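Participant: Before we start, here is the structure in question, set down as structure tokens.
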There are 6 protein chains.
Amino acid sequence: MTTERIATVAPIEEDQASERVSAVYNDIKSTKQIDFIPNFWKVIAVNPDLLEQVWGQLKTLMHPEAVGRESNLTPAIREMIAVAVSATNGCSYCVNSHTAILKKHGVDDETLGEVLAIAGLFNQTNSLADGFQVVSDVLPRLDA
Amino acid sequence: MTTERIATVAPIEEDQASERVSAVYNDIKSTKQIDFIPNFWKVIAVNPDLLEQVWGQLKTLMHPEAVGRESNLTPAIREMIAVAVSATNGCSYCVNSHTAILKKHGVDDETLGEVLAIAGLFNQTNSLADGFQVVSDVLPRLDA
Amino acid sequence: MTTERIATVAPIEEDQASERVSAVYNDIKSTKQIDFIPNFWKVIAVNPDLLEQVWGQLKTLMHPEAVGRESNLTPAIREMIAVAVSATNGCSYCVNSHTAILKKHGVDDETLGEVLAIAGLFNQTNSLADGFQVVSDVLPRLDA
Amino acid sequence: MTTERIATVAPIEEDQASERVSAVYNDIKSTKQIDFIPNFWKVIAVNPDLLEQVWGQLKTLMHPEAVGRESNLTPAIREMIAVAVSATNGCSYCVNSHTAILKKHGVDDETLGEVLAIAGLFNQTNSLADGFQVVSDVLPRLDA
Amino acid sequence: MTTERIATVAPIEEDQASERVSAVYNDIKSTKQIDFIPNFWKVIAVNPDLLEQVWGQLKTLMHPEAVGRESNLTPAIREMIAVAVSATNGCSYCVNSHTAILKKHGVDDETLGEVLAIAGLFNQTNSLADGFQVVSDVLPRLDA
Amino acid sequence: MTTERIATVAPIEEDQASERVSAVYNDIKSTKQIDFIPNFWKVIAVNPDLLEQVWGQLKTLMHPEAVGRESNLTPAIREMIAVAVSATNGCSYCVNSHTAILKKHGVDDETLGEVLAIAGLFNQTNSLADGFQVVSDVLPRLDA
């Protein structure tokens, strides 16, 4: 049997996981209501501290209801920010997975296009402001 | 009289502007309901084509009501994406100006913190996914 | 019949395009003198505002003759900047398409190598200047 | 006497330089026809290997005549690429110094604006192509 | 009394901190053995969830002894990675603070120069590999 | 016979190489103790100046023993910095090749995970510090 390469390291499959890793895997599946472990988590599990830290943070920020936290943002807005940042960094794994989640939240292609259009606009204006070394005019108002 | 340096080029002040540049300046002031021209626009006005193109795009995307366009996003969400991308790129001018606008839309510091927390989380996971070269597991679903 | 996945969204094929999208598609084909619509445009067409804005800007900047604009740069120089920026951002789609265009303008591999060498040099010196937090010594001269 | 901080390390002033560093400093001054050592070089001189390597590369690429090399690009084009990349990375030191050099080569503000406009456009389209994960359509032609 | 602006938001000073924020502040001071709260933490404290998450992760990764964790890296290596990444992103706050910590660990300017030289080299080669779209030759070996 | 496309340009194979390029190729093979030329070098060889410069710098920094240089870092630390920077930039070629080299130096997957965890943490905190525009508190100490 041949296994396709999914990363630069050997992923930790569910049936190989230590008790500590299994606990996180189970939390991922129940929190995200999915029945498999996405590649990202199987890969960072090569370092259990990393797995715990990143999952803890993603759970807190992207699944606030699971930790009894009040979020000021809707799930769709949170995913829009995720996709905008991932597009800016050109990370295909994160773009793919969070575009899929965004669609599950009912966001259509035209709206995704609007999100990416705004991200694109600011990637443009960021380089213009830095390229001309423009000095901020709004600092005083931020102090208020 | 001495003028502080605000960019690598001499900005086009309102009283120096050509008719073409003045038309954009007036549109900026009336669309944004402000009584001055922010440094960014005075600087990119050194190239009137650039000024027209970028203002046209920013007006369409960030002030859709001004062009009779329906946006699927609220003004606050649009600014959140702007700040998240600008934070990712480390552009101080854009972070400053769009944080100020975000606050005008009634977004408080804690919510700004949530936006930047999510941007920060994805800057982290983007580098992890790329650093381990994780292969996407969700492609088939995107085809649907 | 199966269609290969070319993006996270379903591209708008020419025979599916609305009148508004078709108008842009026709302009792309006649301006670029090509007989197909590249994937990039078919994809961003999911949001017609985005398609119009980005095409309008690319046409103005990269095909100035098509809008009766005087450019101070040659077509090859414009494409060199495009490739240098796309290499810096690691965007494979844009590197591929603009390298192809650069070659159409008669730029050979050795010259492409020189462009990328300079881009590489500045990616290096940028990180050194930022990594040591070097303060600018040339500001006064920019004021002049 | 107080010295302003110009970096995270103490720069190597000309009168403190070792013979090895002095040799590079003299080459910088004669190649660039300037009578002072810019901060960047005084700072990276804390590691003489670094100073020699980066200066050697910058001299070869940006001052080809000094090493008897044929360049396929003009000095102004080389500086345009330098500014476009530095704007993309938001490096203020490099933007400032290479904008100053670009002006010495007779490039006016409007043309600088055109260079930065193209850089800005591709920072935008790069994030769109990556944000939609658009698959390249021009690969076959690159093989030719 | 006037307070200098240190961020786009009002930092949470120690005497204003809620019990939850104070607990983190005390942990920061005792873990880092410092007697003040650095600006970064006072600023992200506007969102206590963010403060807790980022501090928890930084404590685990950068102060492993404080959580009883075995690290495979020395403190100096950890800080070198921090500075290399921060230089790549051009983040002045992080470059400044982690260069200071690196020096506390006894790393001299020449060695800092070597770290930044390697970071600079890879910022260069990264853009070259992406700019030429070079296909990996070592994948098979990673599978092993 | 068909050749797989490995870049946007035709690579220079060993049996096609000029004397100048061959000299570098031989140095690469003997310095790295490998019996083939990795794609990266075969590709940048389209511009022999580029090949010589980048190889010279990589040899000096990553193979200091080959040039009789004293390095203050171990081979494994140098490769960790290479991988951390390449992960930050999302460069798959460089991540792949330097992860392979890191493993040759005996670094296991868990330790690679720790390196990438720290890189990820700083990609996060960099965007937070820039996103809140936090002012440095440690400048005075750097002067010391």
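Just so it is clear, none of the values below were taken in a lab; they were calculated from the coordinates. Given the structure is predicted, the values throughout are model-derived calculations rather than measurements. Neighbour counts run over all protein chains shown; Cβ positions are idealised from the backbone, glycine included.
Participant: With Cβ to Cβ distances under 10 Å as the rule, what net charge do the other residues near D:Ile12 carry (K, R +1; D, E -1)?
Facilitator: -3
Participant: Among B:Val67, B:Val85, which comes first, second and so on when ranked by fewest other beta-carbon atoms within 10 Å? Don't jump to the answer; show the numbers that get you there.
Facilitator: Values: B:Val67 12, B:Val85 28.
Going from least to most buried by this count: B:Val67, B:Val85.
Participant: In percent, what relative contact order does chain F have, based on Cα pairs under 8 Å that are 6 or more apart in sequence?
Facilitator: Values: 80 pairs, mean separation 22.4, N = 144.
Answer for chain F is 16 percent.
Participant: A further question follows. Once both labels are modelled 7 Å past Cα along the beta-carbon direction, what's the E:Glu4-B:Arg5 spacing in nm?
Facilitator: A separation of 2.1 nm, rounded to one decimal place.
Participant: Which residue, chosen from F:Leu58, F:Trp41, F:Ser30, occupies the Cα position most advanced towards the positive end of the dipole of segment F:10-72, where the dipole is computed from +1 (Lys, Arg) and -1 (Asp, Glu) charges on Cβ about the Cα centre?
Facilitator: Working it through, the farthest residue towards the positive pole turns out to be F:Leu58.
Participant: Something else now. What does the copy distance list look like for C:Glu70, label position 7 Å along Cα→Cβ, in nm and ordered from shortest?
Facilitator: 3.4, 4.5, 6.1, 6.2, 7.3
Participant: Now, a different point. Please compute, for the alpha-carbon atoms of the protein assembly as shown, the extent along each of the three principal axes and give them in descending order in Å.
Facilitator: 71, 68, 64
Participant: What relative contact order, as a whole-number percentage, does segment E:13-72 give when Cα pairs under 8 Å and 6 or more residues apart are counted? Mind dumping the intermediate values first?
Facilitator: Numbers: 32 pairs, mean separation 16.1, N = 60.
Reported as a whole number, the value is 27 percent.
Participant: What is the average number of partner chain Cβ atoms found within 10 Å of a Cβ in B:51-61? Walk me through the numbers before you get to the answer.
Facilitator: Values: counts 2, 3, 11, 9, 0, 5, 13, 6, 1, 7, 9.
Across B:51-61, the average partner-chain Cβ count within 10 Å equals 6.
Participant: What residues of segment A:42-82 lie in the reach of a label at E:Arg69, counting those whose backbone N is under 15 Å from a point 7 Å from the Cα along Cα→Cβ?
Facilitator: Counting backbone N atoms under 15 Å from the label point, the list is A:44-58.
Participant: Then there is this: Please identify every one of the GluC sites (Glu not before Pro) in segment B:53-137 that sits in a loop by DSSP and has no more than 14 other beta carbons within 10 Å of its own beta carbon. Intermediate values should be presented prior to the final figure.
Facilitator: Details: sites: B:Glu65, B:Glu70, B:Glu79, B:Glu110, B:Glu114; in loops: B:Glu70.
Loop-located and lightly packed - B:Glu70.
Participant: In this model, which of C:Lys42/C:Lys103; C:Lys29/C:Lys59; C:Lys103/D:Lys59; B:Lys104/E:Lys42; B:Lys32/B:Lys59 are farther than 18 Å apart at the alpha-carbon? All intermediate terms of the calculation are to be shown ahead of the outcome.
Facilitator: On the way: C:Lys42/C:Lys103 24 Å; C:Lys29/C:Lys59 12 Å; C:Lys103/D:Lys59 27 Å; B:Lys104/E:Lys42 23 Å; B:Lys32/B:Lys59 9 Å.
Listed pairs above 18 Å: C:Lys42/C:Lys103; C:Lys103/D:Lys59; B:Lys104/E:Lys42.
Participant: Roughly how big is the protein assembly as shown's charge dipole about its Cα centre, with Cβ charges of +1 (Lys, Arg) and -1 (Asp, Glu), in debye to the nearest 20? Mind dumping the intermediate values first?
Facilitator: Details: 66 positive and 114 negative charges, 0 e Å.
Roughly 0 debye for the protein assembly as shown.
Participant: In debye, nearest 20, what is the charge dipole magnitude of segment E:73-133 about its Cα centre with +1 on Lys and Arg Cβ and -1 on Asp and Glu Cβ, if you could check?
Facilitator: On the way: 3 positive and 6 negative charges, 43 e Å.
Charge dipole of segment E:73-133: 200 debye, to the nearest 20.
Participant: Could you tell me which residue in chain F puts its beta carbon nearest the axis mapping F onto A, with the distance rounded to whole Å?
Facilitator: Nearest Cβ to that rotation axis, in whole Å: F:Gly90, 3.
Participant: Just to be sure I understand: with springs between alpha-carbon atoms less than 10 Å apart, which residue in B:Gln53, B:Gln16, B:Gln133 has the highest mean-square fluctuation in the Gaussian network model of chain B?
Facilitator: Its mean-square fluctuation being the largest, the pick is B:Gln133.
Participant: Right, next: Once every Cα of segment F:73-131 carries one equal point scatterer and solvent is ignored, give the base-10 log of I(q)/I(0) from the Debye formula at q = 0.24, 0.30 Å⁻¹, two decimals.
Facilitator: -0.94, -1.26
Participant: Given +1 on the Cβ of Lys and Arg, -1 on the Cβ of Asp and Glu, and no further charges, what dipole in debye does chain C carry about its Cα centre, rounded to the nearest 20?
Facilitator: Numbers: 11 positive and 19 negative charges, 15 e Å.
For this selection, approximately 80 debye.
Participant: For every other residue with a beta carbon closer than 10 angstrom to the beta carbon of B:Thr60, add +1 if it is Lys or Arg and -1 if Asp or Glu, then tell me the sum.
Facilitator: Working: positive: B:Lys59, B:Arg69; negative: C:Asp49, C:Glu52.
Every neighbour counted, the sum reads 0.
Participant: While we're looking at this one, here's another question. Measuring nothing but label to label, 7 Å from Cα along Cα→Cβ, what are D:His105's distances to the other copies in nm, shortest first?
Facilitator: 1.4, 3.7, 4.0, 4.0, 4.5
Participant: Related question: Using the 7 Å Cα-to-Cβ label point, sort the distances from A:Glu19 to its equivalents in the other copies shortest first and give them in nm to one decimal.
Facilitator: 3.3, 6.7, 7.1, 7.1, 8.3
Participant: Mind sorting C:Ser97, A:Ser22, D:Ser18 by how few other Cβ atoms lie within 10 Å of their own Cβ, fewest first?
Facilitator: On the way: C:Ser97 26, A:Ser22 15, D:Ser18 10.
Exposure proxy ranking, most exposed first: D:Ser18, A:Ser22, C:Ser97.
Participant: Report the local net charge at B:Leu112: Lys and Arg +1, Asp and Glu -1, summed over other residues whose C-beta lies under 12 Å from its C-beta. Show your work: numbers first, answer last.
Facilitator: On the way: positive: B:Lys103; negative: B:Glu79, B:Asp108, B:Asp109, B:Glu110, B:Glu114.
Around B:Leu112, the surrounding residues sum to -4.
Participant: Still on this structure, I have one more. Quick one: Kirkwood hydrodynamic radius for segment A:11-71, alpha-carbon pairs, angstrom, one decimal?
Facilitator: Values: mean 1/r = 0.0855 Å⁻¹.
Result for segment A:11-71 stands at 11.7 Å.
Participant: Which value results when the Cα radius of gyration for chain B is divided by 2.2 N^0.38 Å?
Facilitator: Details: Rg = 18.9 Å, N = 144, 2.2 N^0.38 = 14.5 Å.
Compared with the compact-globule rule of thumb, chain B sits at 1.30.
Participant: Check which residues have an amide H placed less than 5 Å from C:Val107's amide H, if you skip close sequence neighbours.
Facilitator: Here nothing satisfies the definition.
Participant: With n ≥ 4 as the cut-off for DSSP H runs, can you work out [θ] at 222 nm for chain E, using -39500 (n - 2.57) per run divided by the number of residues, rounded to the nearest 500?
Facilitator: Details: 7 runs with 91 residues, N = 144.
Mean residue ellipticity at 222 nm (helix-derived): -20000 deg cm²/dmol.
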